[in-house]
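J.: Sharing a structure, written as structure tokens. Questions coming.
Here, each number is a calculation from the coordinates, and none is a lab measurement. Given the structure is predicted, the values throughout are model-derived calculations rather than measurements. Note that each Cβ is placed from the backbone with ideal geometry, even for glycine, and that neighbours are counted across all protein chains shown.
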Amino acid sequence: MAEKFVRAIFPGSFDPITNGHLDVIARGTKLFDELIIAVGRSPVKNQLFTPEERVEMIAELISDMPGVSVESFDGLTVEYAAKKKGDVILRGLRSLTDVQYEFQLAMTNRAVAGIETIFIMTSEQYGFTSSTLIREIASLGGNLSNLVPANVYDRLQQRLNRKK
Ligand code: ADP
């Protein structure tokens, strides 16, 4: 039997991308033939970086990962996934709170578009890492060097210096 080619779509806000996201991506590459990181363009509360900036930071981080790409998208994740001929949606899980929300989202996406969602559990050291928290810690001048990649750290510093 021929092996099936599996293309996964990893949608999210990624404002900004964290080491937790990167860990999910790195482990995802072992499961899928192709992985498309899809940065949602829909306006989010307390947005720090534009979709273009978020895509740029991710592109710098995945340049040496074969089969991994990034772009931004508008509208419904399931419509974007269909357009890209994605076989599955990839999401990450950190906690039971995540499970509750992600469960509902995955059920809805399967009901409306018949697409399955595959979950990767966080690595323990990133269990508390979220973009929201990163934005808050950064605005208060906290040390984030263990939680975000160096290029994101630099951009956070630049952005917050400009705001001061
Ligand atoms: P969204 O606004 O769509 O939740 P995020 O950028 O916050 O976008 O997250 C994208 C996905 O990555 C979500 O499935 C989220 O649960 C997952 N994720 C975020 N941080 C981590 C982490 N530290 N470990 C594992 N998964 C994570």
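J.: Report the gain in length on full extension from ARG159 to LYS4: 0.36 nm times residue separation, minus Cα-Cα distance, nm rounded to one decimal. All intermediate terms of the calculation are to be shown ahead of the outcome.
T.: Numbers: separation 155, 0.36 × 155 = 55.80 nm, distance 4.36 nm.
Gain on stretching ARG159 to LYS4: 51.4 nm.
J.: Would you mind counting up the charge near PRO16? Only other residues with Cβ under 14 Å from its Cβ, with Lys and Arg at +1 and Asp and Glu at -1.
T.: Spelling it out: positives minus negatives among the neighbours equals -3.
J.: Here's something else I'd like to know. With a sphere of radius 15 Å drawn around the Cβ of ASP33, what net charge do the other residues whose Cβ falls strictly inside it have (Lys, Arg +1; Asp, Glu -1)?
T.: +3
J.: Please list the equivalent ellipsoid semi-axes of region 89-145, computed as the square roots of five times the alpha-carbon gyration tensor eigenvalues, in descending order and whole angstrom.
T.: 29, 12, 9
J.: Here is a follow-up. To the nearest 20 Debye, how big is the dipole of the chain about its Cα centre, given +1 on the beta carbon of each Lys and Arg and -1 on that of each Asp and Glu?
T.: Roughly 400 debye, rounded to the nearest 20.
J.: If I stretch the segment between LEU105 and GLU124 completely, what's the gain in nm (0.36 nm per residue apart, minus their alpha carbon distance), one decimal?
T.: Between LEU105 and GLU124, full extension yields an extra 4.5 nm.
J.: Could I ask something else about it? Filter the chymotrypsin sites (Phe, Trp or Tyr not before Pro) in region 5-37 down to the DSSP loop ones having no more than 11 other Cβ atoms within 10 Å, then list what survives.
T.: Passing both the DSSP loop test and the Cβ count: PHE5.
J.: When the chain is fully extended, how far beyond the present Cα-Cα distance does GLU136 get from GLU71, taking 0.36 nm per residue of separation?
T.: Stretched fully, the GLU136-GLU71 segment lengthens by 20.9 nm.
J.: Tell me, what is the percent relative contact order of region 17-92, built from C-alpha pairs under 8 Å that lie six or more residues apart?
T.: Across region 17-92, relative contact order equals 36 percent.
J.: Using only the Cα atoms of region 42-91, build the gyration tensor, take square roots of its eigenvalues as a ≥ b ≥ c, and label the shape rounded, prolate or oblate: rounded if a/c is under 1.5, else prolate if a/b is larger than b/c, else oblate.
T.: It is oblate, given that a/c is not under 1.5 and a/b is not larger than b/c.
J.: Then there is this: What number comes out for the charge environment of VAL148, summing +1 per Lys or Arg and -1 per Asp or Glu over other residues with Cβ under 15 Å away?
T.: Taking every other residue near VAL148 into account, the sum is -3.
J.: Considering the options PRO16, LEU96, THR50, tell which one lies farthest towards the positive end of the dipole of region 1-137, charges being +1 on Lys and Arg and -1 on Asp and Glu at the Cβ, about the Cα centre.
T.: Result: LEU96.
J.: While we're here: Let me check the size of the chain from its C-alpha atoms; what are the radius of gyration and Dmax in Å?
T.: 15.9, 61
J.: Restricting to DSSP H runs of at least four residues, report the calculated mean residue ellipticity at 222 nm for the chain, -39500 (n - 2.57) per run over all residues, nearest 500 deg cm²/dmol.
T.: Result for the chain, helices only: -13000 deg cm²/dmol.
J.: Okay, next question. Restricting the calculation to Cα positions, tell me the Rg (one decimal) and the Dmax (whole number) of region 61-116 in Å.
T.: Cα only, region 61-116: 13.1, 36 Å (Rg, Dmax).
J.: Can you tell me, using C-alpha contacts under 8 Å and at least 6 residues apart, the relative contact order of region 7-163 as a whole percent?
T.: Once divided by the residue count of region 7-163, the mean separation gives 30 percent.
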